[in-house]
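One structure is given here, and the rest of the page talks about it.
The values are calculated or read from the model by the stated rules, or taken from the named source; none is laboratory data. Computed from a predicted structure; not experimentally measured. Neighbour counts are summed over all protein chains in view; Cβ atoms, including those assigned to glycine, are modelled from backbone coordinates with ideal geometry. Ligands, DNA and RNA are stripped out before the accessible areas are found, and what is left, the full protein with its side chains, is counted by its heavy atoms. Shrake-Rupley method; radii C 1.70, N 1.55, O 1.52, S 1.80 Å.
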Amino acid sequence: MTERNALLAIHLGALLFGLSGIFGKLAATTPNMIAGGRAFFAVLALSLAAVLWRSRNAIRPSLRQMVLLALGGLLLGTHWVTFFEAVKISGVAIATLGFASFPAFTVLLEGLLFRERTRPSEFAMVGVVCVGLILVTPQFSLNSEATVGLLWAVLSGFLFALLSLLNRASTRGLDPVKAALYQNITVLLCFLPLAWPLLPSVRAVDWLWLAMLGIFCTGLAHSLFVASLRVLKARTTAVIFALEPVYGILFAWWLFSEQPTLRMLAGGVLIVSAIFVSARMAR
């Protein structure tokens, strides 16, 4: 893969991740069913990707790593449920921006759990993200659906930050695609009992949206991310992934007429800018 193709791949991956909220909103079913259905199709897609992008240097996971991967699967599934709950309550734009807070949680948790020094610029990034989140909602009140949805989305971002740090500690030496496959298998096994009673009520068109979520927004997006990392620097990919909420908001505006207010746009600009600057400054 050339550098140009890698840049195209990572932009496409960011676009696909940004579409997760769109397909979740289109699927007229519960967040538990969305998580289970997404995991089912993701397992199919990642199994194919594991064959196509087989890593020769990858090692067989130890028992400890398998346990941590299973724990990561629980975090991943819960992250999905909370994110799609936010989408159902407050819409794609607010849910996407709330989830975009996860780099701020990552900075704080990384310093706490790995005892790494947190730079003043990173504390500043956390502060800017907090201000952006306050601006995202029309009024910050628990009586407001927008606020409740934002809190679900922020919880989703917190869980994703925990998942990222857990993966950092547990997946060293493993094939990233296979690690994602093991975690999605865990999600499928955990949510199958919850999703099974809902299967008769799922419409054919909803299966299409679940398939899009699992195949494109999970399997293909993750594979593109892994493939591009073999050519690009990690901080380059992080900067591009800062565009994920932008893609999500633009598509929500186009498809669902979720027109962001000036206050929401100001909050979104602060959040995305903080992520962008922090990624550029990362060493």
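Out of Met33, Met66, Met212, any idea which swings most in a Gaussian network model of the chain, alpha carbons joined below 10 Å? Comparing Met33, Met66, Met212 in a Gaussian network model of the chain, the most mobile one is Met66.
Apolar share of the accessible surface for the chain: 68 percent from carbon plus sulfur atoms, 1.4 Å probe. Taking label points 7 Å from Cα along the Cα-to-Cβ direction, Leu8 and Ala28 give a separation of 3.8 nm.
Summing charges over all other residues whose Cβ lies under 14 Å from the Cβ of Gly219, with Lys and Arg as +1 and Asp and Glu as -1, gives +2. Of the residues Phe256, Phe102, Phe191, which exhibits the maximal mean-square fluctuation in a Gaussian network model of the chain defined by a 10 Å Cα contact cut-off? Checking each option, the largest mean-square fluctuation is seen for Phe256.
Multiplying the residue separation of Ser47 and Met66 by 0.36 nm and subtracting their alpha-carbon distance yields 5.1 nm.
Taking the mean number of other Cβ atoms within 10 Å as a proxy for protection, how do you rank 122-133, 68-79 from highest to lowest? Walk me through the numbers on the way to the answer.
Details: 122-133: 19.0, 68-79: 20.9.
Highest mean packing first, the order is 68-79, 122-133.
Evaluate E = 1/(1 + (r/R0)^6) for Leu108 and Ser144, where r is the Cβ-Cβ distance and R0 equals 30 Å; express this FRET efficiency to the nearest 0.05. So the FRET efficiency works out to roughly 0.70. Out of every Cα-Cα pair that the chain contains, those further apart than 35 angstrom amount to 13 percent.
About its Cα centre, the chain has a charge dipole of approximately 940 debye under the convention of +1 per Lys or Arg Cβ and -1 per Asp or Glu Cβ, with nothing else charged.
Each label was represented as a point 7 Å from its Cα along the Cα-to-Cβ direction; for Ser121 and Ile134 these points are 2.5 nm apart. In the context of the full set of protein chains, residues of the chain present 49 Å² of accessible surface per residue (probe radius 1.4 Å, heavy atoms only).
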